[in-house]
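Taking it in order: structure first as structure tokens, then the write-up.
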Amino acid sequence: MTSCCDPNGLSGVFDAGRAASDVRRYRRKGLTRETRTIADLLIARGIGGATILEIGGGIGDLQVELLRAGAARATSVEISAAYESTARELATELGVDDRIEHHLADFAREPARIDPADAVILNKVVCCYPDMPGLVRPAADHTRRWLVLAFPADRWWIRIGVRVASVLQATFRRPFRVFFHEPAAIVAIAREAGLREAASRRGIFWQVQMLERA
Ligand SMILES: C[S@@+](CC[C@H](N)C(=O)[O-])C[C@H]1O[C@@H](n2cnc3c(N)ncnc32)[C@H](O)[C@@H]1O
């Protein structure tokens with residue numbers, strides 16, 4: 001279902017079953033490849049004592065790992081109630097819940113409710129949201145030091161694949177769509193907010209892009 005508070009039917013896709021499956025995967029294998037890349041980039045820059053804002057953090061596994069690596073506090077803004085409650089449970093079980101502030105919200109609609117942070121993360125989130133500038137601009141504005149994003153990489157077969165998926169989702173009247181937002185446009189918005197490119201890792205499907213405040 002789409003609504004004012006969930007404009008892409010995200011809660012129907014990122015539901016309790018998927019959250020439970022993500023937790024099982026994290027327990028078995030740890031962070032996914034791209035999430036590990038984001039953690040390593042931030043740890044290499046010196047995450048000790050820093051504050052984290054993760055938008056669309058899913059089960060919150062990256063927040064757990066960054067807190068274990070020395071980050072001071074994390075804020076999570078998640079649109080899916082199932083993911084938000086699963087993230088709370090996981091953080092409690094792993095003993096970091098007292099250092100995470102959870103918000104159930106669409107960050108693009110209510111950015112003013114959320115404090116800025118040293119590191120702001122959008123890990124595989126931009127491709128789930130129709131209004132890319134409406135999400136990336138406030139995220140960049142909330143960034144004190146580093147903005148890190150993972151989004152579909154700039155490769156021709158990914159452009160075609162994402163568009164085919166989107167057409168199929170429309171054909172079968174699925175409320176959820178996946179989006180290919182131009183990587184150059186994402187970076188341009190972050191640059192307008194005073195950030196500059198610091199690192200980029202382009203994998204087969206995902207690109208991890210780090211920007212830092214100039
Ligand atoms: C593909 S999942 C990625 C989850 C996690 N970052 C990971 O890589 O495992 C995208 C997540 O972003 C959340 N999301 C999408 N748009 C959002 C928004 N505007 N505000 C908050 N959460 C959002 C979804 O609910 C979902 O949990």
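Laboratory data are not the source of any read-out in this text; all were calculated from the coordinates shown. Here the structure is a predicted model, which is why all the values come from computation and not from measurement. Quick reminder, even Gly has a Cβ in these numbers, built from the backbone with ideal geometry, and neighbours come from all protein chains shown.
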Hey, rough spin-label estimate for R28 and R163, points 7 angstrom out along Cα→Cβ, what's it come to in nanometres?
-> 3.5
Just the number, please: percent antiparallel of the DSSP beta bridges in the chain, rounded to the nearest 5.
-> 45
Within the range 9-29, the residues whose backbone N lies under 18 Å from a label point placed 7 Å from the Cα of R109 along the Cα-to-Cβ direction are 9-15
Dipole magnitude (debye, nearest 20) for the chain, charges at Cβ of Lys, Arg, Asp, Glu = 800
Determine the relative contact order of the range 65-214: mean sequence separation of Cα pairs under 8 Å and six or more apart, normalised by residue count, in whole percent.
-> 21
Using the per-residue mean of other Cβ atoms lying within 10 Å as a proxy for protection, in what order, highest first, do the peptides 50-62, 68-80 fall?
-> 50-62, 68-80
Could you work out Rg/(2.2 N^0.38 Å) for the chain, with Rg from alpha carbons only?
-> 0.96
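Indicate the helices, whole DSSP H runs only, in the chain that combine a mean Kyte-Doolittle hydropathy of -0.5 or more with a Cα extent along their long axis of 20 angstrom or more.
Helices meeting the span and hydropathy rule in the chain are 156-171.
What is the sum of charges around T86, taking Lys and Arg as +1, Asp and Glu as -1, for the other residues whose C-beta is under 13 Å from the C-beta of T86?
-3
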